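The structure appears right after this line, and notes come after that.
The values are calculated or read from the model by the stated rules, or taken from the named source; none is laboratory data. Everything quoted here is computed from the prediction, not taken from an experiment. Because the Cβ atoms are built from the backbone with ideal geometry, glycine has one as well, and the counts that use them run over all protein chains shown. Side chains included, ligands, DNA and RNA excluded: accessible areas come from the protein's heavy atoms. Shrake-Rupley method; radii C 1.70, N 1.55, O 1.52, S 1.80 Å.
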Amino acid sequence: LLGGIMVAMFLLNWPLAIGTLILLPLMLYITSLVTRRSRLAFRQVQRNLGWMNAVMEENIAQVPFAVGVNNHMGSKFTASPRETKEALRFIKGQDLFFVDSLTSGRSTAYRTAKRLHMATACRNVFLDNVPRESAVFDQLRRLQKCALSQGRAIGIGHPFPQTARALQRFLDRLP
């Protein structure tokens, strides 16, 4: 069959047939290179996803009563749509909700979680980006105003002593 095609090509247009014979091996070589590299890249992606899922599973298992997760230290990660989507698929598979800490304006996590039809929300106020008790207290008041105007609010902070003291002081002043 191939021989017949080559004869027909030479009869129809011998310069084009010679050009094809010269380029065909090069095209086959390039195709095999691209295929091999694509296969290696795919395997690497699969290994990375497997590793990421294993780490997430291990972390979630350490907190058996967890009902949700957030990305508090994942600014670079959540700016990457593909990785974020894979992580959120795993989280959804664990029947957990997701809170986007919004540690970066480039986060794709909240929008991606919405597209995956997950229970999700965003942080409204970061409590202790200024780690002083008075500053945390001010942020708690800001969080309270947000909750009163929107019906709910999410604040995220660290387990710093000054954050705990500000929280206690704030709670003591609630009616």
Cβ-Cβ under 9 Å, sequence separation 6+ or interchain: first residue in the range 1-14 and assigned to a helix (DSSP H, G or I) and of a type outside the set (Gly, Ala, Ser), partner modelled with pLDDT of 80 or more and open to solvent by 100 Å² or more (accessible area, probe 1.4 Å). Which pairs?
9/16
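Has the range 16-32 got any residue that is open to solvent by 100 Å² or more (accessible area, probe 1.4 Å) and closer than 30 Å to residue 90 by Cα?
Narrowing the range 16-32 to residues open to solvent by 100 Å² or more (accessible area, probe 1.4 Å): 16, 22, 27-29.
With the extra rule that they be closer than 30 Å to residue 90 by Cα, the set shrinks to none.
Taking every residue of the range 16-32 in turn, none turns out to be open to solvent by 100 Å² or more (accessible area, probe 1.4 Å) and closer than 30 Å to residue 90 by Cα.
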Flagged in the range 64-82 as under 22 Å from residue 158 (Cβ atoms) and part of a helix (DSSP H, G or I), in numbering order, are 75, 76, 77, 78
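Please tell me if residue 105 is open to solvent by 20 Å² or more (accessible area, probe 1.4 Å), modelled with pLDDT of 90 or more, closer than 28 Å to residue 57 by Cα and of a type in the set (Gly, Ala, Ser).
Details: open to solvent by 20 Å² or more (accessible area, probe 1.4 Å): yes; modelled with pLDDT of 90 or more: no; closer than 28 Å to residue 57 by Cα: yes; of a type in the set (Gly, Ala, Ser): yes.
When the stated conditions are applied, residue 105 does not pass them.
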Within the range 154-175, considering residues that are of a type in the set (A, V, I, L, M) and in contact with a strand residue (DSSP E or B) (Cβ under 7 Å, 6 or more places away or on another chain), the one most open to solvent (accessible area, probe 1.4 Å)
154
Here's a check for you: in the range 116-135, which residue that is surrounded by 14 or more Cβ atoms within 10 Å (Cβ to Cβ) and more than 27 Å from the chain's Cα centre (by Cα) is farthest from residue 82 (Cα to Cα)?
133
When the residues of the range 52-102 are narrowed to those that are touching a Phe, Trp or Tyr at 6+ places or on another chain (Cβ under 7 Å) and among the hydrophobic types (A, V, I, L, M, F, W, C), which ends up surrounded by the fewest Cβ atoms within 10 Å (Cβ to Cβ)?
67
Scan the range 132-144 and report the pairs whose first residue is acidic (Asp, Glu) and modelled with pLDDT of 95 or more and whose second residue is exposed (fewer than 15 other Cβ atoms within 10 Å of the Cβ) and assigned to a helix (DSSP H, G or I), with Cβ atoms within less than 6 Å and a gap of 6+ or a chain change.
133/165
